[in-house]
1. Calculated FRET efficiency, Thr193 and Phe52, Cβ-Cβ r, R0 22 Å, to nearest 0.05?
2. Using unit Cβ charges (K, R positive; D, E negative) and no other charged atoms, how large, in debye to the nearest 20, is the dipole of segment 21-111 about its Cα centre?
3. Can you tell me which lysines have their Cα less than 17 Å from the Cα of Lys54? Leave out same-chain residues fewer than eight positions away.
4. Could you tell me the distance between the Cα centroids of segment 129-204 and segment 46-65, to the nearest Å?
5. Given the Cα-Cα distance of Arg139 and Arg25 and 0.36 nm per residue of separation, how much length would full extension add, in nm?
6. Using only the Cα atoms of segment 92-241, each taken as one equal point scatterer with no solvent, compute I(q) by the Debye sum, divide by I(0), and report log10 of the ratio at q = 0.14 Å⁻¹.
7. Once the piece of chain linking Leu162 and Leu113 is laid out straight, how much longer is it, given 0.36 nm per residue of separation minus the C-alpha distance between them?
8. How much length is gained on full extension from Ser239 to Ser8, taking 0.36 nm per residue of separation minus their Cα-Cα distance?
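We did not get these values from a lab; they are worked out from the coordinates using the rules stated. As the structure is a computational prediction, the values presented were derived from the model and not from experiment. Because the Cβ atoms are built from the backbone with ideal geometry, glycine has one as well, and the counts that use them run over all protein chains shown.
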Amino acid sequence: MRINDLWSPFGKEYARAPQWGPLERCYIGTFGMVDLPSRLRARVVIREALKFKKEDVLDLGSGTGCYSFYFSRWPSTRVWGIDINESRIGDCEQISKQLKRNNLKFCTGDGHLGLQMFDSTCFDQVLLIEALQCFPNSRLALSEIHRILRPGGILIGHVPVLGYLREFEKTLFDDSTLKNLLREAGLEIMLFTPTFGGKIQKLCEIFNRACRFRPLTASMFPLLLLVSGAFRIESPDGSYRLFVARKPILFQ
């Protein structure tokens, strides 16, 4: 890992995005990505990801690129970020160039077709964070993920189970539907747990209300992030699901 990044907060690299002014860049550079739900989600996703081999990682639905930037902090890890939003990919490419992250690449891709640019069995890990519900065909997307994972490779995902669809979402998940889709794709479920319930949900609601006023957000965010450390992200009444699934190793 790059020494200067060892204790850097998640999303610190996002401070270099072109839309920020000097004060915003300073704030994000100090505290990391200013989005409480995203930071809490990253806490459990990264915890699971670090348990497994990560020489080649695909961040599918990379968005602002925070996961891609995080894992590219390891010089020995090769990272791809892929997203449908060309503007965000452009921002991420610009940031990556500034950081001189030669082990990091970004590209645009739409749905499961975007995965066809990759060879079979070329990734150790695929991150699918708040993205599967947006694919026009989640079944084909998971099938392609199975194809590009190496035997023993890991898919780490996080999806909403809200009972309704939001803007841009295509698939409504419940526990049974999601588990069946993973198994039909040939993946073994290693972890499947509800998240974002109880006190964590309340903290996120407070943050969302504070977001209406930028000065309040700036003052509340570090405090809420600190307080959140006292509570588990996993919760029996959670309205999201964290899952880890593995491509089986076939012994001959």
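1. Efficiency for this residue pair is about 0.85.
2. Around 500 debye, computed over segment 21-111.
3. Within the straight-line limit of under 17 Å, Lys54 reaches these lysines: Lys105, Lys247.
4. Between the Cα centre of segment 129-204 and that of segment 46-65, the gap is 15 Å.
5. Contour length minus the Cα-Cα distance gives 37.1 nm.
6. Treating every Cα as an identical point scatterer, log10 I(q)/I(0) equals -0.90.
7. Full-extension gain reported as 14.9 nm.
8. Contour length minus Cα-Cα distance gives 80.2 nm.
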